[in-house]
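To start, the structure itself, in structure tokens.
The values are calculated or read from the model by the stated rules, or taken from the named source; none is laboratory data. This structure is a prediction, so every number in the text was calculated from the model and none was measured. Cβ placement follows ideal geometry from the backbone for every residue including glycine, while neighbour counts extend to all protein chains displayed.
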Amino acid sequence: MVIKKIAVLFSGAGSNLEKILEKVHGKTFATCKIEVVKLISNNPNALGIQKAKAFGLPTTVIDHKKFDSREAFDTELVRILKQSDLDLVVLAGFMRILSSVFTQNIRAINLHPSLLPLFKGGNAIEESFKSSMRVGGVSVHFVSDELDGGEIIAQKCFAKTKEMSLEAFEQKIHSIEHELLPQTIIQILDKEEK
Ligand code: GRF
């Protein structure tokens with residue numbers, strides 16, 4: 001059985017990380033077994049670190065505040081990632097803008113809480129909630145030099161009702177994220193040849 005290795009990068013609560021660990025890590029699919037072999041957070045206080053620990057997995061902390069520039073941080077990130085023979089890097093709530101030092105060297109996917117190319121950036125949930133659109137949604141895309149601008153791999157939308165509060169809208173987005181990101185990781189890795 002081919003083993004596909006992934007790294008997950010996160011910055012905060014780590015609910016998406018937790019779903020990857022529950023639904024993907026150590027599981028066997030049609031053509032491969034997928035293992036999370038590296039976890040990295042830029043935030044030493046990220047709650048996700050405790051969630052990973054519950055699965056017996058340590059997190060490497062690379063604190064961006066200790067680096068003089070975005071490029072210096074990205075160089076260290078790439079160095080650590082290259083130590084493992086990875087098939088894919090997954091950004092699951094990793095709240096850093098990545099420079100070409102990262103994007104030119106690492107094949108990565110990112111989760112974004114809107115229907116891209118609409119509502120790029122850090123305020124996507126609120127902007128899509130306040131917009132005139134009657135749907136909200138979630139995207140998974142390849143990471144490129146353009147923020148939230150790489151090739152879209154998967155999307156899912158839902159109806160935004162008139163009665164829906166921002167909290168309910170946000171909750172719906174997170175519940176879709178928790179399905180879509182694990183599914184997309186499996187979809188990418190389970191059909192690729194090693
Ligand atoms: C998600 O909404 C993701 O789309 C965004 O950050 C959030 C991360 O949540 N980029 P969590 O840390 O996985 O709970």
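Points to keep in mind about this one:
- Number of residues in the stretch 1-32 that are away from the ligand (no atom under 16 Å from the Cβ), modelled with pLDDT of 95 or more and surrounded by fewer than 22 Cβ atoms within 10 Å (Cβ to Cβ): the value is 10.
- Every pair of residues 6+ apart whose Cβ atoms lie under 6 Å, when the first sits in the stretch 91-106 and is under 15 Å from Ile62 (Cβ atoms) while the second is in a loop (DSSP other than H, G, I, E, B) and among the polar types (S, T, N, Q): Phe94/Ser11; Met95/Ser11; Arg96/Asn42
- If you go through the stretch 157-174 and pick out every residue that is over 29 Å from Leu189 (Cα atoms) and either assigned to a helix (DSSP H, G or I) or under 20 Å from the mean Cα position of the chain (by Cα) (or both), you end up with 4.
- Scanning the stretch 79-122 for residues that are closer than 21 Å to Glu18 by Cα and near the ligand (Cβ under 10 Å from one of its atoms) gives Leu91, Ala92, Gly93, Phe94, Met95, Asn110, Leu111, His112, Pro113, Ser114.
- Any hit, the stretch 45-54, residues being assigned to a loop (DSSP other than H, G, I, E, B), more than 16 Å from the chain's Cα centre (by Cα) and hydrophobic (A, V, I, L, M, F, W, C): no
- Looking across Asp68, Asp74, one residue alone is out of contact with any Gly (no Cβ under 9 Å at 6 or more places or on another chain) and either over 23 Å from Gly121 (Cβ atoms) or of a type in the set (Lys, Arg) (or both). It is Asp68.
- Residue within the stretch 136-145 that is modelled with pLDDT under 95 and away from the ligand (no atom under 11 Å from the Cβ) present: yes
- Within this structure, Val24 fails the test of being touching a Pro at 6+ places or on another chain (Cβ under 7 Å), hydrophobic (A, V, I, L, M, F, W, C) and free of Cβ contacts under 8 Å to residues at least 24 places away in the same chain.
- Considering the stretch 33-46, and only residues there that are over 17 Å from Ile62 (Cβ atoms) and either surrounded by fewer than 20 Cβ atoms within 10 Å (Cβ to Cβ) or among the charged types (D, E, K, R) (or both), the residue that is nearest to the ligand (Cβ to nearest atom) turns out to be Glu35.
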